[in-house]
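The values are calculated or read from the model by the stated rules, or taken from the named source; none is laboratory data. The model shown is predicted, which means the values in this text are computed figures rather than measured ones. Quick reminder, even Gly has a Cβ in these numbers, built from the backbone with ideal geometry, and neighbours come from all protein chains shown. Side chains included, ligands, DNA and RNA excluded: accessible areas come from the protein's heavy atoms. Shrake-Rupley method; radii C 1.70, N 1.55, O 1.52, S 1.80 Å.
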Protein chains: 2
Amino acid sequence: MIDAPALRVIRAIDTEGSFTAAAASLGFTQPAISQMVRRLEQRLGTVIVERRGRTVHLTEAGQVLARHAATVLNALDSAEEEVAAIAGLRAGRVRLMAFPSASATLVPRALALVKARYPEVTISFTEAEPPESLTALRSGDCDLAVAFAYDGVDVGRGEEDLDGFVATVLLEDEVRLAVNRNHRLAQRESATLADLADDPWIAGCPRCRGHLVSLCTQAGFAPGVAYETEDYVAVLGLVAEGLGVALIPDLILRTVHHPEVVALPIRPGSRRSIIAVTTADLGRVPAVEATMLALEEAARVIPQTPTCAALSSR
Amino acid sequence: MIDAPALRVIRAIDTEGSFTAAAASLGFTQPAISQMVRRLEQRLGTVIVERRGRTVHLTEAGQVLARHAATVLNALDSAEEEVAAIAGLRAGRVRLMAFPSASATLVPRALALVKARYPEVTISFTEAEPPESLTALRSGDCDLAVAFAYDGVDVGRGEEDLDGFVATVLLEDEVRLAVNRNHRLAQRESATLADLADDPWIAGCPRCRGHLVSLCTQAGFAPGVAYETEDYVAVLGLVAEGLGVALIPDLILRTVHHPEVVALPIRPGSRRSIIAVTTADLGRVPAVEATMLALEEAARVIPQTPTCAALSSR
DNA sequence: TCGCCGCATAACCCCCAGTTATACAGTGTG
DNA sequence: CACACTGTATAACTGGGGGTTATGCGGCGA
């Protein structure tokens, strides 16, 4: 019935005082205005402008329209501006979730990068292990998740999508064996899991434990899990006390050092991929995209751990 | 860029939860919604809805649009409603101007009629003699004027328009001669102006005075104007005191009676037309039109004064 | 009285926004 | 595990709304 262009015309007529001037101010020709007014009048069933000789004036109905025109056009303008701000990274919000050990270096660095480039973009950050973060992503409570996948089993690898998600590999994280420095294997250059078939094991998060069991099974034994904790600092503490051995991603060992603990490469090598996950649509939201790029950039600064191949050729 | 239909669609998607449901609720087909969203997205340069499997959700930008959609659509709705109210005579304002003696019966009756039929229509009323009321009409300060025209000389007659105005004759008002009941002509059935060439005259408003002079000139003399007042009650008072004679419209004599005053028909008869004047555009404004009709109806209740022809045949 | 300025109208035309038809993807269920 | 159901995306087509140019007409000022 009434549309925005019509209101713009009404407003222009009101302020300019003539059809011709209104047309000029809107970039139209004069007949366009005449027709627009006529259409609107016969649609509304009442006169909205009073043609008095060479000048035109709004009738009461026209003034009603002009009054509401301000509201409507202002709202449209601010909507457009706000969306443009989001599109232009002058605004926007990203709900980021990452697993605890990514929170240590990768995420803070990426957050800093985004904040430096786009100060108006706000990123809310929640720690969560991959299963929860992916659930949150699925349910719409999260825009971008930093997760990890062990050796391509847990979730898809590379640029592939998992369950409709889009995942980008940020970096590869070599899994190492953590033993007490007095452990019988502490001086070795590397170890196989079979060497530790009888040691008590300390398991991390459920997925990590799953990975541990899987690797040990491949090595021909079932690990005796003596302790279980999601906190890697605690894991290191347990190892430091000589209470057991553990598999710990290299990324953790770079941030949490412990003098009593020695980290050995394992053979065959095992890695986890640290990935950024989002949906195809959210990946195209500017703020999310920018955060994604910042994560990739932050990951690039952290040197990749030597690959299994490079390790064995040493 | 952003238009009202698009906002309607966004809102529907938000509330309905799917394109199909939104389409159904708006009476569109599903592809229409798909295309609309796509268009909007590429126009705005950002993603608006996140397609997650079988369900869709608004992104941050989409939520911004949905939020403003409420403002815009509400404003449009209320604008439409207000205009419809004006068009349907459930609202509206008429600025009416009438000359003093019309205010006595004609206008009050018309106002009452309008108020009874359309209680929500408000009529503001200002007394003004024809020249001022027509000026106000021309300048936009008045929507409808009740004026008078002496014998088709002052302003156009009948349905003709004067200066782009539209005039409708409400009633014909016979001009009579008012004399003191002791006047030498008081017992006559009628009089000619020539009979009163030597009497002192009492003149009314400027236009009335003009008319008096014009009639007397036709009768071959120049009237001696002893008193001049715009107030017809005062005119009658002067006549009652025997201070002079006056020409007074019949309409006045019907409302203001004075025992000392006798009103005689004059020969040749002279009348003034009481007309309702507005512009072509304003005449199509429902409230103005309704008031105009009410004026005509009110005039019909007041019996026409006998015409000059009927009088002379008596 | 003439000329300029501004609105109205007619004829034309293009593009946008719908429609139908159909393919494709995700999600439960036998 | 496959199938059916439900929902979105895409393609091709079509109609009409809304703009343009050209022209007429009326009011206002010099």
(request) From B:ALA66, B:ALA24, grab the single residue that is under 49 Å from the mean Cα position of the chain (by Cα) and within 11 Å of DNA strand D (Cβ to nearest atom). (result) B:ALA24
(request) Would you please name the residue that is most open to solvent (accessible area, probe 1.4 Å), looking only at residues in region A:1-56 that are touching a strand residue (DSSP E or B) at 6+ places or on another chain (Cβ under 6 Å) and in contact (Cβ under 8 Å) with a residue 40 or more places away in the chain? (result) A:ASP14
(request) Identify all residues within region A:44-62 that are away from DNA strand D (no atom under 12 Å from the Cβ) and either assigned to a loop (DSSP other than H, G, I, E, B) or within 14 Å of A:LEU7 (Cβ to Cβ) (or both); write none if there are none. (result) A:LEU44, A:GLY45, A:THR46, A:VAL47, A:ILE48, A:VAL49, A:LEU58, A:THR59, A:ALA61, A:GLY62
(message) Based on this model, can you work out whether B:SER18 counts as at the interface with another protein chain (Cβ under 9 Å from one of its Cβ atoms) and polar (S, T, N, Q)?
(response) no
(message) Given the criterion out of contact with any helix residue (DSSP H, G or I) (no Cβ under 7 Å at 6 or more places or on another chain), over 30 Å from B:ALA280 (Cβ atoms) and either of a type outside the set (Ser, Thr, Tyr) or not assigned by TED's automatic domain parsing to the domain that holds B:GLU132 (or both), identify the matching residue among B:LEU185, B:LEU212, B:LEU193.
(response) B:LEU212
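Condition check ((1) open to solvent by 20 Å² or more (accessible area, probe 1.4 Å); (2) assigned to a helix (DSSP H, G or I)) across all residues:
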position	(1), (2)
B:ARG207	yes, yes
B:VAL239	no, yes
B:ALA246	no, no
B:HIS257	yes, no
B:ALA263	yes, no
(message) Filter region B:265-290 down to the residues that are within 14 Å of chain A (Cβ to nearest Cβ) and open to solvent by 30 Å² or more (accessible area, probe 1.4 Å) and list them by number.
(response) B:ALA280, B:ARG284, B:GLU289
(message) With the structure loaded, tell me whether A:ILE33 is under 49 Å from the mean Cα position of the chain (by Cα) and within 14 Å of another protein chain (Cβ to nearest Cβ) or whether it fails that test.
(response) no
(message) On the basis of being away from DNA strand D (no atom under 16 Å from the Cβ), part of a helix (DSSP H, G or I) and more than 29 Å from the chain's Cα centre (by Cα), does B:ARG109 make the cut?
(response) no
(message) Considering only region B:76-86, I want to know if a residue exists there that is within 12 Å of chain A (Cβ to nearest Cβ) and touching a residue at least 40 places away in the same chain (Cβ under 8 Å).
(response) yes
(request) Run B:ASP195 past the list (1) touching a residue at least 12 places away in the same chain (Cβ under 8 Å); (2) part of a helix (DSSP H, G or I) and report the number of the one that doesn't hold. (result) (1)
(request) Would you mention how many residues in region B:1-11 are within 15 Å of B:GLN35 (Cα to Cα) and small (Gly, Ala, Ser)? (result) 1
